[in-house]
Structures are given as C-alpha cells and as structure tokens.
Amino acid sequence: MTETQIFEPDGRAIPYAAEGEGPALVLVPGRASDIDMLGSLAHSVSQEDFRVVRIGLRAAADDTDAVAPSFRDFAQDVVDVMDHLGIDDAWVGGHAFGGSIARRVSLDHHARVNGVLLLGVESADMAPPLADGLPVLVVQGTEDEVTPPLNGETLQATAPGLVSVVPIEGGGHMFPATHVGATSWAIEDYLDWD
C-alpha cells in the first residue's frame, strides 16, 4: 500500500496518498475512516493505468473552541491537494460522507471535476445537491444499512440521465474494502478504464 503523506497548507494537516499514472480519480473516505480503508480499492483501480489519489479528512484542531470544518472546507482541502499534485481535473468521489464532500467539490470547483463517484449515498438531508451536468456513478452495497440502497435510487430519480447505479451484491457499508474486486470492476467498467 502506498505510504500516507501529509500536506499542510495554512497549517491544515491533510493526509493523502497517490499511486499510478494516467487520468486521475480522487477518493475521500467516510467520516469514521482513514484513507487506508480505501487503499486496496485504490491499488486495484491504479493497476488499470490510472492515477488514484486518496485524500483524508484534516486532523482535528487541538483548540476546543475551534470551529469544525464545513463541507466547503473539506472540499477546499481536496482541491488544494489536487493543486499540490499538479492535477487539473479528476473524477472525484468518496465513501458515504466522503461522497458528500465530493459533491461539494463538484459544486464549488465544477471545472475541476469530470464526474462524481459515490460509494454509498448519504441521505438527501445530509448531502449537498448534485452539480449541474456532471455524470454521477453510484456504487452501492445491497446490504448497506448505513447508506442504504434506497438513497442511491432516490438520487437517481432526481437526475435519471446523469446518475447511474451499480449494486454490489451482498456488500455492507464497508463494501469498498470487503468487495474490492466487484467495486473496482464497477468503476473501471463505467469509465471504460479496462
């Protein structure tokens, strides 16, 4: 697995790891996970001649009075790491909360995003809206009780021409780590990366 590095713009400690060469895919883990959770998936996809960058959530401030980062703050972290690595544009995605961050990146930095990959979909009341005109791939565990399949189906109903849903049979909430082959194949097949 690729070693995690820390990028510290303006004192923000943002973990990231990059591997592979070619068109870029950025992946952001869920709120309770670190970038290692997406390591096997990133490695699998990078073997198809693509550059996969995992970007984690910035470290919490030591100051108890500090304001928690917003979706916009996390989205800026993603773009700052992309700039640091010389990535002009990418598919941006993530697992659960990480997917919601990807949606915010697509809204705030539309020209930098080629499409959005959602590995499980947070409910509409928790996630930012979809950006206009960008394709969205939802990869969804059929047994996921945290981000249930209904969330992806509901999202697809709001933009049927842009949102595609691929089920991962038997996958629970951690399917990107437990069903790496099927998840990787779904991504590669959709993006014609194989």
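Screening Leu38 with (1) touching a strand residue (DSSP E or B) at 6+ places or on another chain (Cβ under 7 Å); (2) part of a helix (DSSP H, G or I); (3) surrounded by fewer than 20 Cβ atoms within 10 Å (Cβ to Cβ) gives one miss only, at (3). Does Val52 count as open to solvent by less than 20 Å² (accessible area, probe 1.4 Å) and in contact with a Gly (Cβ under 6 Å, 6 or more places away or on another chain)? For Val52, the condition - open to solvent by less than 20 Å² (accessible area, probe 1.4 Å) and in contact with a Gly (Cβ under 6 Å, 6 or more places away or on another chain) - is met. Apart from one condition, Gly170 fits all of (1) over 16 Å from the mean Cα position of the chain (by Cα); (2) under 24 Å from Ser46 (Cβ atoms); the exception is (2). If you take the residues of segment 1-34 that are closer than 23 Å to Thr147 by Cα and at pLDDT below 95, which of them is least open to solvent (accessible area, probe 1.4 Å)? Residue satisfying both the conditions and the ranking: Gly30. Any residue at all in segment 49-62 that is under 15 Å from the mean Cα position of the chain (by Cα) and under 22 Å from Gly172 (Cα atoms)? So far as segment 49-62 goes, yes, one or more of its residues are under 15 Å from the mean Cα position of the chain (by Cα) and under 22 Å from Gly172 (Cα atoms).
Is it the case, given these coordinates, that Leu25 is hydrophobic (A, V, I, L, M, F, W, C) and over 12 Å from the mean Cα position of the chain (by Cα)?
Working: hydrophobic (A, V, I, L, M, F, W, C): yes; over 12 Å from the mean Cα position of the chain (by Cα): no.
Considered against the rule, which asks whether it is hydrophobic (A, V, I, L, M, F, W, C) and over 12 Å from the mean Cα position of the chain (by Cα), Leu25 comes out as no.
The values are calculated or read from the model by the stated rules, or taken from the named source; none is laboratory data. Keep in mind that what you see is a predicted model, and the values were worked out from it rather than measured. With ideal geometry, Cβ positions are generated from the backbone for all residues, glycine too; neighbour counts draw on all protein chains shown. The area values use the complete protein model at the heavy-atom level, side chains included, leaving out ligands, DNA and RNA. Shrake-Rupley method; radii C 1.70, N 1.55, O 1.52, S 1.80 Å.
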